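See structure below.
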Amino acid sequence: MVAVPDSVDSSNANMSAPNPPANEKPFALRSAVYTVGFLLMVLGIIPSLFHLAGMWPTSTEEAATVIRDFWSSFQRLLGVAIFAIGLAAYTFCSVWLIFHGRGPHVEFDPPKIFVATGPYRWVRNPVVITLIVTVFGEAVFLGSWGIFGLVIIGIGFAHYQVTRIEEPRLRDRFGDSYVEYCRRVPRWLPCPPRADSNP
């Protein structure tokens with residue numbers, strides 16, 4: 001705990017951070033959009049132009065073919081990256097829940113202890129989210145509209161399962177502590193933990 005010097009006005013010391021404007025987009029969403037846009041430019045658009053320029057003197061292929069082949073390879077690379085990140089995150093969140101919850105994350109053999117630490121401070125359903133991200137990576141790598149459809153169906157099924165089955169059972173099992181947890185932590189969109197939440 002940091003002591004407040006005597007020369008500092010106590011009213012200033014107790015001031016909280018200003019609230020963002022009501023119409024401001026969520027911080028996580030804005031950060032994701034900026035990051036994706038930046039990476040798409042730096043890792044996709046600019047390299048594709050340099051790739052075309054590098055092949056131009058020796059290649060007999062048309063520019064459109066070269067660019068198409070580049071983006072096809074880029075798509076597979078992106079799919080591998082999404083799949084790897086999703087699988088690693090899924091494994092981490094699953095192990096965290098199993099270790100701290102003292103049980104597997106299945107309805108017929110649920111964890112014995114309520115877990116609100118680690119990734120569960122950021123979002124209530126990280127296992128489901130990371131699993132969907134992993135399958136999405138497969139869809140991107142294969143360029144499969146069928147697997148994209150599976151992702152959409154999976155999102156709908158996951159929302160139904162969580163809201164209609166899992167959450168009511170958790171409220172019955174853990175009572176007010178889970179209700180407070182739901183009030184504080186979002187269901188699907190990760191949000192930085194509040195300062196007063198558990199580490």
- Query: Name the residues in segment 142-192 that are touching a residue at least 60 places away in the same chain (Cβ under 8 Å) and closer than 19 Å to VAL128 by Cα, would you?
  - Reply: ARG169, TYR178, TYR181, VAL185, PRO186, ARG187, TRP188, LEU189, PRO190, CYS191, PRO192
- Message: Residues that are touching a His at 6+ places or on another chain (Cβ under 9 Å), closer than 20 Å to ARG183 by Cβ, in contact (Cβ under 8 Å) with a residue 60 or more places away in the chain and of a type in the set (Phe, Trp, Tyr): does segment 112-124 have at least one?
- Response: yes
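Each reported figure results from applying straightforward, stated rules to the coordinates on display, with no laboratory input. Keep in mind that this is a model prediction, so the values were computed, not measured. So basically every Cβ, Gly included, is an ideal-geometry build from the backbone, and we count neighbours across all protein chains shown.
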